[in-house]
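Novice: Could you have a look at this structure, given as structure tokens, before my questions?
The values are calculated or read from the model by the stated rules, or taken from the named source; none is laboratory data. Just so we're clear, the structure is a prediction, and the values are computed from it rather than from any experiment. Quick reminder, even Gly has a Cβ in these numbers, built from the backbone with ideal geometry, and neighbours come from all protein chains shown. For the accessible areas, the whole protein counts, side chains as well, though only heavy atoms, and no ligand, DNA or RNA atoms are used. Shrake-Rupley method; radii C 1.70, N 1.55, O 1.52, S 1.80 Å.
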Amino acid sequence: MTITSVPAAGAAPLQDLAELGLRESATFDRATIADIQRAAATGVYDIRGWGAKRKVPHFDDLLFLGASMSRYPLEGYREKCDTDVVLGDRYASRPLHLQTPVTIAGMSFGALSANAKEALGRGASEVGTSTTTGDGGMTPEERGQSKHLVYQYLPSRYGMNPDDLRKADAIEIVLGQGAKPGGGGMLLGQKITERVAGMRTLPVGIDQRSASRHPDWTGPDDLEIKIGELREITDWKTPIYVKIGASRPYYDTALAVKSGADVVVLDGMQGGTAATQQVFIEHVGIPILAAIPQAVQALQELGMHRKVQLIVSGGIRTGADVAKAMALGADAVAIGTAALIALGDNDPRYAAEYSALGSAAGFYDDFQDGRDPAGITTQDPELSSRLDPVAAGRRLANYLRVLTMEAQTIARACGKSHLHNLEPEDLVALSIEASAMARVPLAGTSWIPGAQGSF
Amino acid sequence: MCGIAALQLRNPSLHPQMGSLLSSMLCQIVDRGPDSAGLAVYNTPGLVSQGTSTLSLLGADQGMTTAALTAGVAALLPSDAAAAVQVVGDTTLVGAAVGTDLLVKAVTETVPAATIIGRGEHVAVMKSVGHPMEIAAHHGLEAMAGSQGLSHTRMATESAVTAGGSHPFSVADDLCLVHNGSFSNHATVRRGLKREGVVFDSENDTEVGARYVASRLQQGDTLEEALVNLGKVLDGFYTLVVTTADSMAVVRDPIACKPAIIAETEDYVAMASEYRALAGLPGIDNARIFEPEPGKVYTWSL
Amino acid sequence: MVTLTAPESLETAVTAEAPTVVDLSGSTVRSLNQALHNAADGQSWTVANPGGKHSLAVGINADVSVTIDGHAGYYAAGMHQKGTVTVNGNAGVGLAENIMSGSVHVKGDASQAAAATGHGGLVVIDGNAGARCGISMKGVDIVVGGTIGHMSAFMAQAGRLVVCGDAGDALGDSIYEARIYVKGTVASLGADCVEKPLREEHLAELAELLAAAGRTDNPADFKRYGSARNLYHFHVDNSTAY
């Protein structure tokens with residue numbers, strides 16, 4: 001959000017206020033008060049980018065059991081620990097074979113600048129992974145720079161066309177997004193430039209809304225037929241993913257499998273968005289930690305675990321997160337927010353400009369405004385030109401390599417010659433909440449809350 | 001964490017010495033696994049016989065007299081099945097001239113608590129907790145004849161020190177598997193097999209390997225194919241010896257940390273964790289001695 | 001659970017003159033579509049015994065002429081380009097969804113979401129169309145001889161929807177720049193959709209569309225509807241319309 005009332009210069013810092021005997025309300029803290037004041041002043045709900053900012057049980061609450069005496073570790077850098085993953089070999093004749101299980105999540109041209117999209121393609125291709133379009137269609141820059149490009153099939157169908165569909169390496173049917181399961185998209189007028197408007201068949205400069213439901217199918221019974229159509233159009237060559245926002249992942253995963261998906265993409269509530277109501281981001285959906293075991297359970301019960309691949313996203317930051325997601329049963333992960341940060345989002349060198357926008361480096365989330373000093377979440381030509389797609393692509397490639405090597409380091413320590421041999425039994429939890437959600441024992445015990453009875 | 005000694009006798013004139021040779025090999029690997037031990041012997045007269053299925057039950061005491069056990073099993077089988085029960089050391093052997101499935105049914109109905117540790121027409125399996133040499137002596141290994149023998153001494157890692165958790169794991173007719181090492185993804189493979197309907201007796205990682213091999217063999221794999229597939233599915237460190245009615249196989253994981261050495265002559269193939277276990281075998285000085293290569297499956301058939 | 005079988009690729013020899021008949025009582029939808037994807041401009045095809053099967057003649061990308069002799073299921077002529085598809089019967093949900101160019105003509109009725117998200121080309125339905133006809137349309141022209149169901153032209157962005165019968169509830173809700181012409185009654189208009197004056201240029205384009213659809217209705221009998229453009233920029237005063 002944007003701070004509308006900046007504290008007066010010389011305002012007392014927090015500890016001084018406490019020394020004065022002033023007490024901040026835990027319920028009505030300053031951010032809450034600012035929200036109420038902003039709502040009262042404008043009459044509009046707060047819209048922002050990024051994902052959930054509240055603290056939720058996360059991968060940080062899990063730890064790996066490295067090998068010691070009863071298990072043997074692999075030697076780093078010498079003994080094989082493979083990281084490749086095949087996505088979509090259930091029905092598609094041309095599945096994706098990626099060199100790292102870390103993929104780039106769907107982010108639209110429109111939400112992002114053309115340079116940012118190009119940089120994502122460059123970075124992903126350099127390390128042999130995939131990138132994904134977003135709402136609004138496929139740009140030539142993106143197709144040209146992406147070795148593996150996943151084409152999203154969204155409710156709005158902005159920019160959807162069969163020529164690009166046939167050019168795609170995979171098709172991702174989007175039902176929802178972790179930041180807003182059940183919600184549609186929006187792109188505010190500042191970012192609907194002539195090019196964006198042209199690609200989406202919209203008037204320039206209007207506030208664009210996207211539908212929350214697909215226009216020509218609803219539910220798994222129709223989806224099965226829709227997937228059949230897309231397979232027919234692409235002659236059964238192209239893998240078909242189904243992306244769901246995490247809310248009832250046990251059922252949604254099972255239904256995606258039953259509908260004929262090759263791959264299920266599961267996005268937790270920490271997953272980012274370009275522009276959504278803050279109330280939606282913070283209060284709808286469940287953390288990815290709680291979602292993965294439910295999805296994996298559904299896949300296992302159908303005998304489809306690792307046959308229909310599971311890509312998870314929403315809060316992946318480090319190789320440890322990658323390894324933990326895979327140990328819980330994911331085949332791959334997707335990163336969005338972290339990828340933007342690697343490109344240069346929230347870079348402290350733009351501190352003065354973030355401050356001028358009423359934000360700060362590390363806090364900036366007004367992606368909807370199109371005034372991103374880093375030139376990423378903008379359509380402004382001057383701002384966009386600040387992002388060098390080659391250099392930014394290189395930064396992303398570096399980051400992707402680090403994530404992969406970090407995950408490998410952990411897998412080797414657990415005695416695995418492939419990342420996908422990590423398993424829940426390699427993990428313990430630090431909190432009762434994380435233990436119950438991730439279904440791994442509380443560290444030092446054999447206790448998994450809820451595991452013995454009904455839940 | 002474990003010691004392995006295995007012997008396949010190609011020359012029938014050596015068959016009477018099977019027990020004494022295996023016993024001498026076992027003696028040298030005791031230190032590698034002093035918690036418990038297990039033995040599998042093939043075609044040993046007095047324990048198994050052609051045309052008869054034999055089940056090996058854990059423990060000498062099945063909660064009833066031998067006569068009562070014999071009568072109970074016989075009552076559930078055709079009259080010409082000639083059910084017979086004998087106790088060998090800590091092991092109860094039940095034989096009858098019927099298929100193993102039928103015999104298993106009769107035994108579990110008579111002794112619901114029985115733990116079946118071996119089955120088939122050719123193999124007898126014996127396991128117990130304690131010092132391996134005492135176990136071997138208690139079962140009279142020294143005097144046993146046979147075509148093949150397999151022994152294992154165990155230092156338990158992540159599962160309990162019990163006789164049931166000892167190797168070999170024998171989960172299909174005449175199939176035995178012993179393991180030195182630890183599988184690092186056995187929980188995942190176990191879940192997959194369970195979903196296919198496979199029932200497990202223990203939490204032991206080796207049982208997962210044995211059940212996996214049995215499942216592959218049932219699907220039509222040769223022993224070699226089953227072990228190649230095992231290498232694709234099970235991760236971690238292992239040296240495995242697998243025996244069937246007429247074959248023996250050895251495989252090590254691709255990193256090959258756990259030891260294995262093989263001696264091969266015209267008269268026998270012997271495999272052990274350490275050379276000292278092979279040192280006393282006849283004609284060892286002229287044997288071809290080699291360490292199995294990483295990730296390569298070796299099989300020998302009688 | 002659905003079990004889909006990926007078929008082997010099929011090559012079908014085709015002569016340009018006589019229509020090639022694909023009889024779906026013996027042949028698969030997969031072989032039909034593969035043959036159509038391999039087809040060259042100018043070829044004609046007839047689909048016999050369609051039996052309400054789904055995804056018939058989808059993804060056509062050549063100037064071919066396809067006649068479906070009977071009823072079609074979901075997504076008939078989906079993502080159509082260039083050629084002509086005629087359905088001598090009714091069509092199921094999502095007829096000609098996301099059509100890009102060319103034309104699709106249904107002699108009977110069409111179910112829900114006909115021509116949904118269509119970017120171009122012409123879709124003609126001689127009978128009635130169900131709910132959400134022209135939903136999210138992006139440039140396609142649609143001519144319906146009969147009535148259309150509720151929520152038609154929802155979020156319609158561009159293109160023209162001509163209805164010779166009546167329209168159901170919430171016509172043109174949240175409409176952008178698409179134009180709607182209705183000859184009969186409109187049960188109700190959706191948010192931000194209003195009646196607009198029928199000027200000369202509208203009469204002219206309507207006449208053109210009706211002629212293209214082979215219809216003789218009088219353009220002057222129609223009313224025109226379009227966006228009031230009040231929802232183009234979020235405003236608190238419109239909050240009940242969102």
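Novice: Taking Cα centroids, how far is segment C:119-174 from segment A:220-287 in Å?
Specialist: 28
Novice: Rounded to the nearest 20 Debye, what is the dipole magnitude of segment B:49-121 about its Cα centre when Lys and Arg each give +1 and Asp and Glu each give -1 at the C-beta? Don't jump to the answer; show the numbers that get you there.
Specialist: On the way: 2 positive and 6 negative charges, 7 e Å.
Here segment B:49-121 has a charge dipole of around 40 debye.
Novice: What number do you get for segment C:20-122 when its Cα radius of gyration is normalised by 2.2 N^0.38 Å, N = residues? Could the numbers behind the result be given before it?
Specialist: Values: Rg = 11.7 Å, N = 103, 2.2 N^0.38 = 12.8 Å.
Here the Cα radius of gyration is 0.92 times the empirical estimate.
Novice: Continuing with the same structure: Report, largest value first, the span of the C-alpha coordinates of segment A:223-286 along each principal axis, in whole Å.
Specialist: 41, 25, 15
Novice: I need to check one value: relative contact order of chain A, counting alpha carbon pairs closer than 8 Å and at least 6 residues apart, in percent. Mind showing how you got there, number by number?
Specialist: Values: 1030 pairs, mean separation 104.2, N = 455.
Result for chain A is 23 percent.
Novice: Separate question: Taking each residue in C:67-75, count the Cβ atoms of any other chain within 10 Å of its Cβ, then average. What number comes out? Provide the component values of the computation, followed by the final result.
Specialist: Numbers: counts 0, 0, 0, 0, 0, 0, 2, 8, 9.
Whole-number average of other-chain Cβ neighbours for C:67-75 is 2.
Novice: Moving to a separate point now. Could you check the simple spin-label distance between B:Gln219 and C:Asn218, using points 7 Å along Cα→Cβ, in nm with one decimal?
Specialist: 7.5
Novice: Rg and Dmax in Å for segment B:190-302, alpha carbons only: what are they?
Specialist: Cα radius of gyration and Dmax of segment B:190-302 are 15.3, 50 Å respectively.
Novice: Given the alpha-carbon gyration tensor of segment A:177-320, what are the semi-axes of its equivalent ellipsoid in whole angstrom, ordered largest first, with each equal to the square root of 5 times an eigenvalue?
Specialist: On the way: eigenvalues 155, 91, 35 Å².
In descending order the semi-axes read 28, 21, 13 Å.
Novice: Would you please give the residues with an amide H less than 5 Å from that of A:Asp207, counting only those at least 5 places away or on a separate chain, with H modeled from the backbone geometry?
Specialist: Amide H neighbours of A:Asp207: A:Gly189, C:His233, C:Phe234.
Novice: Now for a separate question. For segment C:24-233, max minus min Cα coordinate along each principal axis, in Å, sorted largest first?
Specialist: Rounded to whole Å, the extents work out to 52, 28, 27 Å.
Novice: Let me confirm one metric for peptide A:416-428, namely the mean number of other chain beta-carbon atoms within 10 Å of its residues' beta-carbons. Numbers along the way, then the final one.
Specialist: Details: counts 4, 8, 2, 0, 3, 9, 4, 9, 3, 8, 3, 0, 0.
For peptide A:416-428, the averaged partner shielding equals 4.
Novice: Separation between the B:Ile284 and A:Tyr251 pseudo-spin-labels, each 7 Å from Cα along Cα→Cβ, expressed in nm?
Specialist: 6.8
Novice: May I ask which of A:Lys324/B:Lys258; A:Lys53/A:Lys307; B:Lys105/B:Lys194; A:Lys117/A:Lys226 have a Cα-Cα span longer than 23 Å here? Could you put the intermediate results ahead of the total?
Specialist: Details: A:Lys324/B:Lys258 28 Å; A:Lys53/A:Lys307 34 Å; B:Lys105/B:Lys194 21 Å; A:Lys117/A:Lys226 28 Å.
Table pairs above 23 Å Cα-Cα are A:Lys324/B:Lys258; A:Lys53/A:Lys307; A:Lys117/A:Lys226.
Novice: So, one more: Quick one: which residues, 5+ away or cross-chain, put their amide H under 5 Å from the amide H of A:Ile173? H built at 1.01 Å from N.
Specialist: HN-HN under 5 Å from A:Ile173: A:Tyr153, A:Tyr241, A:Val242, A:Lys243.
Novice: With N residues in segment B:49-121, what two-decimal value do you get for its Cα radius of gyration over 2.2 N^0.38 Å?
Specialist: Values: Rg = 10.6 Å, N = 73, 2.2 N^0.38 = 11.2 Å.
Its radius of gyration relative to the 2.2 N^0.38 Å reference: 0.94.
Novice: OK, next. Nearest 10 degrees, 0 to 90: what angle lies between the long axis of helix B:186-195 and the longest principal axis of chain B (Cα atoms)?
Specialist: For helix B:186-195, the angle is close to 40 degrees.
Novice: Still on this model: Going by Cα centres, segment A:141-191 and segment B:1-64 are how many Å apart?
Specialist: Between the Cα centre of segment A:141-191 and that of segment B:1-64, the gap is 65 Å.
Novice: Can you compute the charge dipole magnitude of chain B about its Cα centre, using +1 on each Lys and Arg Cβ and -1 on each Asp and Glu Cβ, nothing else charged? Give it in debye, rounded to the nearest 20.
Specialist: In total the dipole reaches around 400 debye.
Novice: If you roll a 1.4 Å probe over chain A with all protein chains in place, what percent of the accessible area is carbon or sulfur? Display every interim value, and only then the final one.
Specialist: Values: 9710 of 17250 Å².
Answer for chain A: carbon and sulfur cover 56 percent of the accessible area.
Novice: At what distance in angstrom do the alpha carbon centres of segment B:154-204 and segment A:326-374 lie from each other?
Specialist: Going from one Cα centre to the other spans 49 Å.
Novice: Hey, what do the phi angles of segment A:222-229 turn into as Karplus ³J(HN,Hα) couplings, whole Hz, using 6.51/-1.76/1.60 and θ = phi - 60°, x for Gly and Pro?
Specialist: For segment A:222-229, the Karplus curve yields 6, 4, 4, 6, 4, 4, x, 5 Hz.
Novice: Give the Debye-formula value of log10 I(q)/I(0) at each listed q (0.06, 0.14, 0.15 Å⁻¹), with one equal scatterer per alpha carbon of chain B, two decimals each.
Specialist: Log10 of I(q)/I(0), two decimals: -0.17, -0.99, -1.14.
Novice: Can you give the charge dipole size of segment C:124-176 about its Cα centre, rounded to the nearest 20 debye, using +1 on the beta carbon of Lys and Arg and -1 on the beta carbon of Asp and Glu? Before the final figure, lay out each step's value.
Specialist: Numbers: 3 positive and 5 negative charges, 37 e Å.
Roughly 180 debye, rounded to the nearest 20.
Novice: Which is farthest toward the positive dipole end of the protein assembly as shown among A:Pro249, B:Val107, A:Val308, measuring Cα position about the Cα centre, with Cβ charges +1 (Lys, Arg) and -1 (Asp, Glu)?
Specialist: A:Pro249
Novice: Please state the shape class of segment A:165-207: rounded when a/c is under 1.5, otherwise prolate if a/b exceeds b/c and oblate if not, all from the C-alpha gyration tensor.
Specialist: oblate
Novice: Please check: in the Gaussian network model of chain C (C-alpha springs, under 10 Å), which one of C:Ala228, C:Ala131, C:Ala156 has the largest mean-square fluctuation.
Specialist: In the Gaussian network model the winner is C:Ala228.
Novice: Can you pull a Stokes-Einstein diffusion coefficient for the protein assembly as shown at 10 °C (1.306 mPa s), Rh from Kirkwood over Cα pairs, as a whole number of µm²/s?
Specialist: Working: Rh = 32.5 Å.
Calculated translational D: 49 µm²/s.
Novice: Under a GNM of chain B (C-alpha, springs under 10 Å), which listed residue has the highest mean-square fluctuation: B:Leu103, B:Leu77, B:Leu223?
Specialist: B:Leu77
Novice: Enumerate the calculated ³J(HN,Hα) couplings along segment A:421-428 in order (Karplus 6.51 cos²θ - 1.76 cosθ + 1.60, θ = phi - 60°), each rounded to whole Hz, writing x wherever the residue is Gly or Pro.
Specialist: 8, 5, 9, x, 5, 7, 10, 10
Novice: Tell me which of A:Pro203, A:Thr234, A:Gly182 sits at the most positive position along the dipole axis of segment A:165-297, charges placed on C-beta atoms (Lys, Arg +1; Asp, Glu -1).
Specialist: Value: A:Pro203.
Novice: Something else: Springs between alpha-carbon atoms under 10 Å, Gaussian network over chain B: tell me which of B:Ala37, B:Ala256, B:Ala272 tops the mean-square fluctuations.
Specialist: It is B:Ala256.
Novice: Would you work out which of B:Ala160, A:Leu17, C:Val123 lies farthest towards the positive end of the dipole of the protein assembly as shown? Charges go on Cβ: Lys and Arg +1, Asp and Glu -1.
Specialist: A:Leu17
Novice: Could you list which residues have their amide H under 5 Å from that of B:Gly295, counting only those 5 or more apart in sequence or on another chain, with H placed in the peptide plane?
Specialist: Sorted by chain and number, the residues that satisfy this are B:Arg252, B:Asp253.
Novice: Kindly rank A:41-48, A:384-391, B:123-130 from highest to lowest mean number of other beta carbons found within 10 Å of each residue. List each step's numbers first, then the result.
Specialist: On the way: A:41-48: 15.0, A:384-391: 16.9, B:123-130: 25.0.
Going from most to least packed, we get B:123-130, A:384-391, A:41-48.
Novice: Quick one: pull the percentage of alpha-carbon pairs in segment A:49-187 with a separation above 19 Å. Show your work: numbers first, answer last.
Specialist: Values: 5899 of 9591 pairs.
Counting every Cα pair in segment A:49-187, those more than 19 Å apart make up 62 percent.
Novice: If you take the Cα atoms of segment B:251-298, find Rg, then find the Kirkwood Rh from the mean of 1/r over all pairs, what is Rg/Rh?
Specialist: Values: Rg = 11.0 Å, Rh = 11.1 Å.
Rg divided by Rh gives 0.99.
Novice: I'm a student and want to see the number: the projected area of the Cα convex hull of chain A, averaged over all directions, in nm². Please report the intermediate quantities before stating the final value.
Specialist: Details: hull surface 95.5 nm².
That works out to 23.9 nm², a quarter of the Cα hull's surface.
Novice: Enumerate the calculated ³J(HN,Hα) couplings along segment B:160-165 in order (Karplus 6.51 cos²θ - 1.76 cosθ + 1.60, θ = phi - 60°), each rounded to whole Hz, writing x wherever the residue is Gly or Pro.
Specialist: So the J values, rounded to whole Hz, are 5, 7, 9, 5, x, x.
Novice: With a Cα-only, solvent-free Debye model of segment A:46-122, what are the log10 I(q)/I(0) values at q = 0.17, 0.24 Å⁻¹?
Specialist: -1.11, -1.14
Novice: Lysines near C:Lys183 by alpha-carbon distance under 28 Å, same-chain residues fewer than 8 away left out - which ones?
Specialist: Output for C:Lys183: C:Lys107, C:Lys138, C:Lys196, C:Lys223.
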